[in-house]
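Below: the structure, in C-alpha cells.
The values are calculated or read from the model by the stated rules, or taken from the named source; none is laboratory data. A quick note: this is a predicted structure, and the numbers were derived from the prediction, not measured. All Cβ positions, even for glycine, are placed from backbone atoms using ideal geometry, and neighbour counts span all protein chains on display. Please note that ligands, DNA and RNA were not included when accessible areas were found on the heavy atoms of the full protein model with its side chains. Shrake-Rupley method; radii C 1.70, N 1.55, O 1.52, S 1.80 Å.
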Amino acid sequence: MTHESEKPAVQPSSFTFRANTRLVVGEGSVAELGDVAQELGGTRVLIVSDAGVLAAGHTSAGVASLKASGFETTVFSEFTENPTTRQVEAGTAFAKAFEPDLIVGLGGGSSMDCAKGINFLLCCGGKMEDYQGRGTTGLPLLPSIGCPTTAGTGSETQSFALISDAQTGEKLACGDPNAAFRVAILDPCLTVTQPTRVTALTGIDALSHALESHVSTKATPASRVFSREAWTLLTKNLPDVFRNPTDIRARSAVQLGAAWAGLAIENAMLGAAHGAANPLTARFKVAHGQAVGLMLPHIIRFNG
Ligand SMILES: [Fe+2]
C-alpha cells in the first residue's frame, strides 16, 4: 500500500511527448552555425531570411559562419510577413536551381515557416495544401536549422509551417516531424534589433501560446511543464526588455520562453484565441500578435 506522502505530485496519464529539435543557446551562438551545419553534413546551404533581417545584418553573420566552415551559400528573401503559397513556390524554384543539401531559416516566424515550406515542396513536390495537418508519412526532407530573430512564433521548436493561401489568405498549418529543425540556435543578440512594436506583438503571441497550450484539451503533464515555464519566463522578463531593449539576460529569457511555448504547442496545439485571430489576419491584414492580443481577453471571458 502506498503511503500518502509517496504519491507522485502529478497523476500519470497516457501520453506521448514530442521534442524534435536540439537547442544551442547562448549569447553570440549564431557564430556556431557553421559548426552545427557540419554536424548535419552537406556542402550547399539555402538560407531563408526576410529583407528586414538581411538589412539588420543578422543573415551575413550566419553566412560568415557557414562560409568559414566551407559551405556554399545562397539567400532567398523574396517573401513577406505571413508568407504565401505563391512565395513558397517561388522559393522552391529558386532552391531547385541552387540544389541545396541543407536549409537554414534565419529570421522571424515568416522566415522559419517559409524555410519549412520550401523544404516540403523541394523534396516532395506538390502544393502546400497537400501537407496540411500533421504528417506521419516519414517524408525525406532535407535537414534544417532554425535561427530565430524574434521571440514569439515558437516555429523554432515545432514541426509546423504556417503558410497563407495566396488566394484566400487562409493559414495552412502544414506539419511533419521531419519538417522540424534538427537544431535551433537561440542567440539573444539576434533579437535586440527588433522594433519595439515587433517585440511587443511577438511577446503577446508567445504569452498566448503558453496560455492556450496550457488549457488545451490536448495538453499533457509534460506539455504543461513547458507552458508554465514559458509563462513564467515571459511575464517576468518582458517588462525588463521594454525598460531596456539591450538587456541580453532578459532577451535570452524571453527567447527561451518563446521556444518552450513552441514546444508546448508541438504537443498540445493551440486554442480559440488563435482560431479567432487568424481570420483577422487573413481578411484584414491585422498583424498576427495584434490579432491574438485582441481576441485573447474575449476568449478568456467566454471560457470563464
Ligand atoms: Fe501565434
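Computed about the Cα centre, the dipole magnitude for the chain is approximately 600 debye when only Lys and Arg (+1) and Asp and Glu (-1) carry charge, each at its Cβ. Note on the chain: the alpha carbon radius of gyration divided by the globular reference 2.2 N^0.38 Å gives 0.97. Helix 272-284 and the longest principal axis of the C-alpha atoms of the chain enclose an angle of approximately 40°. Amide H contacts of residue 79: 51, each under 5 Å away and 5 or more positions distant or on a separate chain (H built 1.01 Å from N in the peptide plane; Pro and chain starts excluded).
Model label points for residue 16 and residue 225, set 7 angstrom from Cα along the Cα-to-Cβ axis, are 1.8 nm apart. Distance between the 7 Å Cα→Cβ label points at residue 80 and residue 232: 4.1 nm. For the chain, the longest principal axis of the C-alpha atoms and the axis of helix 196-215 are separated by about 50°. In sequence order, region 183-191 has phi-based couplings of 9, 10, 9, 9, 9, x, 4, 6, 9 Hz under the Karplus curve 6.51 cos²θ - 1.76 cosθ + 1.60, θ = phi - 60°, and Gly or Pro positions carry x.
By accessible area, using a 1.4 Å probe on protein heavy atoms only, the chain has 56% of its surface on carbon and sulfur. Shown in residue order for region 106-120 are the 3J(HN,Hα) couplings computed by the Karplus curve 6.51 cos²θ - 1.76 cosθ + 1.60 at θ = phi - 60°: 10, x, x, x, 5, 5, 5, 5, 4, 4, 5, x, 4, 4, 4 Hz (x for Gly and Pro). Taking a ≥ b ≥ c as the square roots of the Cα gyration tensor eigenvalues, with a/c under 1.5 meaning rounded and otherwise prolate when a/b beats b/c, else oblate, which class fits region 140-220? Because its axes are fairly even, with a/c under 1.5, region 140-220 counts as rounded.
3J(HN,Hα) along region 74-91, derived from phi through the Karplus expression 6.51 cos²θ - 1.76 cosθ + 1.60 where θ = phi - 60°, amounts to 8, 10, 10, 9, 8, 8, 10, 4, 6, x, 9, 4, 5, 5, 5, 5, 5, x Hz, with x in place of Gly and Pro. Within straight-line reach of residue 171, meaning a Cα separation under 15 Å, sit the following aspartates and glutamates at least 8 residues removed in sequence or on another chain: 81, 113, 129, 130.
Remark: spin-label model distance residue 242-residue 285 equals 2.7 nm, labels positioned 7 Å along the Cα→Cβ axis.
Two decimals is fine: what is log10 I(q)/I(0) at q = 0.10, 0.18, 0.19 Å⁻¹ for region 196-303, from a Debye sum with one equal scatterer on every Cα and no solvent? Per q value, in the given order, log10 I(q)/I(0) is -0.27, -0.84, -0.92.
Under the combined filter of DSSP loop state and at most 10 neighbouring Cβ atoms within 10 Å, region 192-293 retains none of its trypsin sites (Lys or Arg not before Pro). Rolling a 1.4 Å probe over the heavy atoms of the protein chains gives region 196-303 an accessible area of 46 Å² per residue. Sites counted here are GluC sites (Glu not before Pro) in a DSSP loop (not H, G, I, E or B) having no more than 16 other Cβ atoms within 10 Å; the longest part of the chain that contains none of them is 171-304.
Amide H to amide H, with H built 1.01 Å from N, residue 166 comes under 5 Å of 85, 86, counting only residues 5 or more places away or on other chains.
Does anyone have the angle between helix 288-303 and the longest principal axis of the chain? Alpha-carbon axes, 0 to 90°, nearest 10? That works out to roughly 20 degrees. Here the average projected area of the convex hull drawn through the C-alpha atoms of region 22-191 stands at 8.4 nm².
Per residue, region 22-191 exposes 35 Å² of accessible surface when a 1.4 Å probe is rolled over the protein heavy atoms with every protein chain present. For residue 135, what residues show an amide H to amide H distance below 5 Å, using hydrogens built from the backbone and excluding near sequence neighbours? Here 175, 176 satisfy the definition.
In the chain the longest region clear of chymotrypsin sites (Phe, Trp or Tyr not before Pro) that are loop-assigned by DSSP and have at most 16 other C-beta atoms within 10 Å covers 18-304.
Provide the net charge surrounding residue 20, with neighbours chosen by a C-beta distance below 14 Å and charges set as Lys +1, Arg +1, Asp -1, Glu -1. Spelling it out: positives minus negatives among the neighbours equals +2.
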